Amino acid sequence: MGARREARAGDESFDLAFAYLFAQSYRIARRIVGEPGAAEDIAAEALSRAYSHWSRIGELPYRDAWVLRVATNLALNTIRRKRVVLRAPDAQSHDDATATRLALVAALNALPARQREVIVLRHLAELSEVEVAERLGLSLGTVKTHLRRAKHALRLQLDVDVRPGEAT
């Protein structure tokens, strides 16, 4: 009877977190894959996986980051499976956004895991640096260091020119 009561409590906890986590997962997936239908499928799969592990992750302080990382990985896998060839976009091309998105995904994949997590949570999930630190169990200084290094690496990989005096 005790295990059954704990399972129901876990289900209720998941139900309370579902809407927020689904919306965040959808937002990240949509930014990566660009297609609403695919993003919805990815968010649903991420939450399905979260539910199957909820007894283990439900009370963790970084459970949101866990779910968002699953959504990010699923979205990146979706892009990889498409096997789209990157090409230089034409100024007039409708595919500019897609080419840019794919180049960004490739550049994100090349980052070390921790830098990728910090960049995704900060800029794709739109969490503050403090929230990223809390979700990943890192100090604020560590988050800032990973952000700085990841942005520098992304600029190099994407060949982005930063003028002196611009924010990093």
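Averaging Cα coordinates gives a centre for region 103-160 and one for region 17-73; these two points are 18 Å apart.
In this label model, R80 and L158 are separated by 2.1 nm, measuring between points 7 Å along each Cα→Cβ vector. At full extension, N109 and S55 could sit 16.5 nm farther apart than now, given 0.36 nm per residue minus the alpha carbon distance. Computed 3J(HN,Hα) for region 139-150, one whole-Hz value per residue from the Karplus formula 6.51 cos²θ - 1.76 cosθ + 1.60 where θ = phi - 60°, is 7, 4, x, 5, 4, 4, 5, 4, 4, 4, 5, 5, glycine and proline marked x.
Taken together, the values in this text are just the output of simple stated rules run on the coordinates, not laboratory data. Everything quoted here is computed from the prediction, not taken from an experiment. Counting neighbours? That spans all protein chains shown, and the Cβs are built from the backbone with ideal geometry, glycine included.
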